[in-house]
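Values quoted throughout were computed directly from the atomic coordinates according to the rules given, and no laboratory measurement underlies them. Keep in mind it's a predicted model, so treat the numbers as computed, not measured. So basically every Cβ, Gly included, is an ideal-geometry build from the backbone, and we count neighbours across all protein chains shown.
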Amino acid sequence: MPQNTINTNKVALITGSAKRIGAAIAAHLHENGWRVVIHYHHSKEAAVALAETFNKKRANSALAIEADLNQPTTYKELIQQIIQQWHRLDALINNASLFSPTPINEVTPNQWQETLTTNLTAPFFLSQAAAPYLKQSQGSIINITDTHADGRPIKNYSVYCISKAGLLMQTQALARELAPHIRVNAVAPGVSMWHDELSTEQKEILTRTPLKRAGLPEEIAKAVYYLLNDATYTTGNVLYVDGGRLLFN
């Protein structure tokens, strides 16, 4: 990107961004001139190292913040730390997620509560806390959902799929409620970050994926950036980055 088009002032909070997809989103935004807040819960070492890497490239451009998204007091506190640091917020990317098997005969109330809190409750109340500042900046909220949130549940992952379906509706509901000042969209990844050694089940899934491969975290990051930076007349929509999996059950 030409240097004169880079905005060095915009600030994005990416939850769960110490590793994997969240880290890729943070890296892509940072590369394009954004200041990034790397939220983590347990992955302190990775989060701090990522922030240090960014700050070496551009001073005062990254911040690592620890927060337990299962604690109700966390949401406002997290947003306030960002405002105290940089006095603005332009994007909230709700990426933090729990993905674990919950067969109906084994799932516990604690598993239900923890999954729903991380995947659905936290994005809602972070959006609530961030909204006044996003309104000031005419900013955006991006929710990372899942291709299975749209009527294609995964067997034995019912709680996860229910939470992501709720996040899809949350995207649409908040897009309506927060318009016209804040745009709210979602990115729905399919299979991503699989290694070369695939199980039989993983290979079978790829045979039913039109593009015949797993997605890359960088491809999801680019989709997020598009919705933040280029899709200025888009709200309440879902961008599927799934290799065509949406076409098949």
*asked:* Using 10 Å bins from zero, what percent of all Cα-Cα pairs in segment 6-244 falls into each bin?
replied: 8, 32, 38, 18, 4, 0
_I need the calculated FRET efficiency for the pair E31 and K76, taking r as the beta carbon distance and R₀ as 35 Å, to the nearest 0.05._
0.70
*Where in segment 62-80 does the amide nitrogen come within less than 20 Å of the point 7 Å from the Cα of T108, taken along Cα to Cβ?*
69-71
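Based solely on its DSSP helices, what 222 nm [θ] is calculated for the chain when runs of n ≥ 4 H residues each add -39,500 (n - 2.57) and the sum is averaged over all residues, nearest 500 deg cm²/dmol?
When only DSSP H runs of four or more count, the value is -13000 deg cm²/dmol.
With a/c under 1.5 counting as rounded, go ahead and sort segment 17-89 into rounded, prolate or oblate using the C-alpha gyration tensor (a ≥ b ≥ c being the square roots of the eigenvalues; past the cut-off, prolate if a/b is larger than b/c, else oblate).
Oblate shape, in that a/c is at least 1.5 and b/c is the bigger or equal ratio.
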*Grab the beta carbon distance between K56 and T232, set R0 = 35 Å, and tell me the FRET efficiency rounded to 0.05.*
0.65
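Only four residue types carry charge here, +1 at the Cβ of Lys and Arg and -1 at the Cβ of Asp and Glu. Report the dipole size of segment 6-244 about the Cα centre in Debye, rounded to the nearest 20.
I would put it at about 540 debye.
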_I'd like the FRET efficiency for R152 and Q172, computed as 1/(1 + (r/R0)^6) with the beta carbon distance as r and R0 of 25 Å, rounded to 0.05._
0.90
*Zero-based 10 Å bins, Cα pair distances in segment 25-159, whole percents*: 11, 37, 33, 15, 3, 0
